[in-house]
Number of protein chains: 2
Amino acid sequence: MTDPGSLLRDHGLSVTAQRIAVLRAVAACPHGTADDIAESVKSEIGSISKQAVYNALGTLVEKGVLRRIQPAGSPALFENRIGDNHHHLICRACGKTVDIDCAVGKTPCLHASHHHGFHIEEAEVIYWGTCPECRTQA
Amino acid sequence: MTDPGSLLRDHGLSVTAQRIAVLRAVAACPHGTADDIAESVKSEIGSISKQAVYNALGTLVEKGVLRRIQPAGSPALFENRIGDNHHHLICRACGKTVDIDCAVGKTPCLHASHHHGFHIEEAEVIYWGTCPECRTQA
DNA sequence: GTAAAAATATTGACTTAGTCCATTTTTGAC
DNA sequence: GTCAAAAATGGACTAAGTCAATATTTTTAC
């Protein structure tokens, strides 16, 4: 991983212990919830306020350092794998989330047939299914 | 629209005034939130409990009569256009949601390159962009 | 290195979307 | 019409996240 300090500076952000710890936590738990990340940060630097976690995550998503995915029926998840146009495959039963490379392979990998005058920025794809473990149980 | 009563019976559900009104409300406001639907139902049959709205919507989604979409940063939306594999285009600025026919045209229109042993049931696509009105304002 | 300004963090109340549960009412089958 | 099962009601509750005032830290300018 790039040094978190320079990563922040490069995006014009102040370097704070909280933000560095949040970056580390996202790297450590990919597809983690805000809460997972808060827990992970606490175990690293002792304590952090809920608000600081949300602020940091929000700012970092805004600057394009992190990506937020928000699947139906789940709190938002965060990941640091960005810019490669990958998608997500989520288990309906247990919520397990894995990365999936884009089926087509380039960005944007999809084109809407009729865009209603919208300017389309991004195509987000979520595959829903059942993971091997949950399939065995059923 | 199919008669709501038979639609419910066909799916093995009891026919109640609340469910019929919910079906009508979803037809009347496509891409409405649970709250929009509750309001619409109230104006039709006078009153309904919040719980009945959630129960009805949940059951109907489960039976495949309605579809739930849950975009980031928005409460769940419901629609009755199902089975044609269409997708959604949402304005980041104002939240306006429109239907988009599948770019490829058949179900499932996408195939994950590596499915990690998952059984994939559905590919959900959300296009994010800016609608013509919001684009003019910016 | 210091001080002022700007940015960020803390705390705690608050909001929104939705769930849980005990009770009452309605529905469908005989 | 009766009765069991299904659904609706009402109200408390929870989870995820936002707001806003204050305190602290970081950055910038000297």
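The values are calculated or read from the model by the stated rules, or taken from the named source; none is laboratory data. Bear in mind the structure is a predicted one, so any value in this text is a computation, not a measurement. Every residue, glycine among them, receives a Cβ derived from its backbone with ideal geometry; neighbour counts consider all protein chains shown. Heads up: the accessible areas ignore ligands, DNA and RNA and are worked out on the full protein's heavy atoms, side chains in. Shrake-Rupley method; radii C 1.70, N 1.55, O 1.52, S 1.80 Å.
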**Pair list, Cβ < 7 Å and 6+ apart or interchain, from region A:115-126 residues that are in a strand (DSSP E or B) to residues that are among the basic types (Lys, Arg)** = A:His119/B:Arg135
**Asked** Within region A:26-40, can you find the residues that are touching a helix residue (DSSP H, G or I) at 6+ places or on another chain (Cβ under 9 Å) and part of a strand (DSSP E or B)?
**Response** A:Gly32
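Take the residues in region A:26-59 that are small (Gly, Ala, Ser) and more than 14 Å from DNA strand D (Cβ to nearest atom); name whichever of them is farthest from the other protein chains (Cβ to nearest Cβ). Spell out how you get there, then give the answer.
We begin by selecting, within region A:26-59, every residue small (Gly, Ala, Ser); these are A:27-28, A:32, A:34, A:38, A:40, A:43, A:46-47, A:49, A:52, A:56, A:58.
If we keep only those that are more than 14 Å from DNA strand D (Cβ to nearest atom) as well, we get A:27-28, A:40, A:43.
Values: A:Ala27: 21, A:Ala28: 21, A:Ser40: 22, A:Ser43: 28 Å.
The selected residue is A:Ser43.
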**Asked** So how many residues does region B:5-25 have that are assigned to a loop (DSSP other than H, G, I, E, B) and exposed (fewer than 12 other Cβ atoms within 10 Å of the Cβ)?
**Response** 2
**Fill in**
Given the conditions (1) within 24 Å of B:Glu121 (Cβ to Cβ); (2) within 14 Å of another protein chain (Cβ to nearest Cβ); (3) more than 15 Å from DNA strand D (Cβ to nearest atom), every one holds for B:Gln70 apart from (3)
**Message:** Based on this model, can you work out whether A:Asn55 counts as more than 19 Å from B:Ile126 (Cβ to Cβ) and of a type outside the set (Phe, Trp, Tyr)?
**Reply:** yes
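For the subset of region B:71-86 comprising residues that are part of a loop (DSSP other than H, G, I, E, B) and away from DNA strand C (no atom under 12 Å from the Cβ), which member is least open to solvent (accessible area, probe 1.4 Å)?
The first filter runs over region B:71-86 and keeps only residues part of a loop (DSSP other than H, G, I, E, B), leaving B:71-76, B:80-86.
Filter again for away from DNA strand C (no atom under 12 Å from the Cβ), leaving B:72, B:80-86.
Numbers: B:Ala72: 39, B:Asn80: 66, B:Arg81: 78, B:Ile82: 72, B:Gly83: 84, B:Asp84: 66, B:Asn85: 30, B:His86: 1 Å².
Among those that are part of a loop (DSSP other than H, G, I, E, B) and away from DNA strand C (no atom under 12 Å from the Cβ), it is B:His86.
Go through region A:41-70 and give me each residue that's buried (at least 19 other Cβ atoms within 10 Å of the Cβ) and either in a loop (DSSP other than H, G, I, E, B) or away from DNA strand C (no atom under 12 Å from the Cβ) (or both).
Quick first cut of region A:41-70, residues buried (at least 19 other Cβ atoms within 10 Å of the Cβ) only: A:41, A:48, A:53, A:56-57, A:60, A:65-66.
Residues satisfying the conditions are A:Ile48, A:Val65, A:Leu66.
Kindly establish whether A:Cys94 is modelled with pLDDT under 90, surrounded by 15 or more Cβ atoms within 10 Å (Cβ to Cβ) and within 28 Å of A:Thr33 (Cβ to Cβ).
So A:Cys94 fails the test.
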